[in-house]
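Chemist: The following block contains the structure, expressed as structure tokens.
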Amino acid sequence: MPHSSGGGSHGGGSHSGSFSSSHSSGGGNLSAFRNRYFPGAKHRYVYYRRNVPHYVYSNYDLDDFRRSAKGQIFGCIFMILFMIPFIVTPLMSIVPVIAVSKPIKLDYGDTSVVIEDNIGVIDDERELKKTLKDFRDKTGITPCIVTVKTEEWAANYSTLENYAYDYYVNTFDDECHWLFIYSEPTSASSSSSGFNNWQWEGMQGNDTDNILTENKVGDFNEEVQKLLTDNDVGVGEAFNTSFEDLNETVMNFDSNIIPMVIFFVVWYGIIGYVIFGMIKGLPAVLHAANAVEVDMAKNKQEAKQMEICCNYCGGIYVRSQTGNICPHCGAPASSSIALDQMESVKRPDDSRKSSYDNDPELKSSGDRIKNLFRRFKSDNNDDM
């Protein structure tokens, strides 16, 4: 439906139209645990994936941690779904504004420029009509200017805006016109005081909003109001001059929206950061149900000193967490080697050479350990 594009009166100044806008805000912090140490973390938990340990730091104890982990999964999914409107709605609002304006196709019915001067106040109607046609050809929006006596509508309508709305919907079957109603009382022509309480109101179709933006229409309204207030400028000249100026810029990019563009870039950056953080943390959350608590380590070096590698399966695990067996294959811990010593171990010593060569599983463990160590370093770079 059409909406007001603004207007004014002799005594009240100009007013803006009923352009819609929306503002939204939101925030929150789901992070109860993370895959890196953070100040305030009281517990460190470990879970295993591909036979290497991954760590989670939390300020929860184990039972609360597991319950929270399940809640975090549903919380992340809910938050992502919840944030979809905050992504789509602003995007729908800003894309038409920043897009390069294209003229509306003149295929929506009667596109004749109409000047209906019922009270004889428009001077040089021919020049005004030419300017209005130039505007229509540039934008595809058909302008229409109608002048009436105030008494014709005041008895049935509380405001000129309401009258202009009804006039639009009863006259046009589309949303591509820009209607102006200019009104002045009958007593204006015979007033001895010289005060003419004129009013005017614009009504634009919804399909014109991409071209007739709030900023452009606001500047146009101010110019019309200023010229109408000048006693030396007639009604026709006021609209003609204002449309001539509008024709020069109406299809240009509206530089006034740059701050809004910057705001939305920051807005989507924040949303993207939050969503990325939630998605990145999901692997830790999904494995949290199987996590067990281990001694605290605040950095990679401390964590590495607590890890050992099984000579039988090549799995890496935390020595204090499993007692005397490997959690991956059940081998005794005595067959494992501390991870921080692995790089100094080139091969088994001579005293173990015979048993090493005669045991195929043990003989291949060195290669498995090396390969697993490389994979561990690659995986653990993401978790620490």
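What follows is calculated from the coordinates using simple rules that are stated; it is not laboratory data. Everything numeric in this text was worked out from a predicted model, so none of it was measured. Methodologically, a virtual Cβ is constructed for each residue, glycine included, from the backbone with ideal geometry; neighbour enumeration extends over all protein chains shown.
Chemist: Could you check the spin-label model distance between VAL88 and ARG36? Points 7 Å from the Cα along Cα→Cβ, value in nm.
Modeler: 3.4 nm
Chemist: Same structure, new question: Quick one: which residues, 5 or more positions from HIS15 or on another chain, have an amide H under 5 Å from its amide H? H modelled 1.01 Å from N in the peptide plane, none for Pro or chain starts.
Modeler: GLY7, GLY8
Chemist: OK, next. If amide hydrogens are placed 1.01 Å from N in the peptide plane, which non-local residues have theirs closer than 5 Å to the one on ILE325?
Modeler: ALA333
Chemist: As a footprinting exposure proxy, order ASP245, ASP219, ASP232, ASP107 by other Cβ within 10 Å, with the fewest listed first.
Modeler: The fewest-first ordering by Cβ neighbours comes to ASP232, ASP107, ASP245, ASP219.
Chemist: May I ask you to sort PHE264, PHE276, PHE135 by Cβ crowding, counting other Cβ atoms within 10 Å and putting the fewest first?
Modeler: Values: PHE264 17, PHE276 10, PHE135 20.
In increasing order of surrounding Cβ atoms, one gets PHE276, PHE264, PHE135.
Chemist: So between ILE325 and GLU116, what do we pick up on full extension, going 0.36 nm a residue minus the alpha carbon distance?
Modeler: Here the answer is 65.6 nm.
Chemist: VAL114's amide H: which non-local residues (gap 5+, or another chain) put their own amide H closer than 5 Å, with H modeled 1.01 Å from N in plane and none for Pro or chain starts?
Modeler: ILE145
Chemist: Each residue of region 219-231 in order: what ³J(HN,Hα) in whole Hz does its phi give by Karplus 6.51 cos²θ - 1.76 cosθ + 1.60, θ = phi - 60°, with x for Gly and Pro?
Modeler: My calculation for region 219-231 gives 5, 4, 4, 4, 5, 4, 4, 4, 6, 5, 6, 6, 5 Hz in order.
Chemist: Using the Karplus curve 6.51 cos²θ - 1.76 cosθ + 1.60 with θ = phi - 60°, work out ³J(HN,Hα) for each residue of region 293-305 in order, rounded to whole Hz, and write x for Gly and Pro.
Modeler: Ordered by residue, 3J(HN,Hα) equals 7, 10, 4, 5, 9, 8, 8, 5, 5, 5, 5, 5, 5 Hz.
Chemist: Suppose every K and R has +1 on its Cβ and every D and E has -1 on its Cβ; what is the size of the dipole of region 147-190 about the Cα centre, in Debye to the nearest 20?
Modeler: 220 debye
Chemist: How do GLU223, GLU244 line up, fewest other C-beta atoms within 10 Å first?
Modeler: Going from sparsest to densest Cβ surroundings: GLU244, GLU223.
Chemist: Next up: Residue-wise, which Karplus ³J(HN,Hα) couplings in Hz belong to region 310-319, taking 6.51 cos²θ - 1.76 cosθ + 1.60, θ = phi - 60°, and x for glycine or proline?
Modeler: Result, rounded to whole Hz: 6, 6, 8, 9, x, x, 10, 8, 8, 5.
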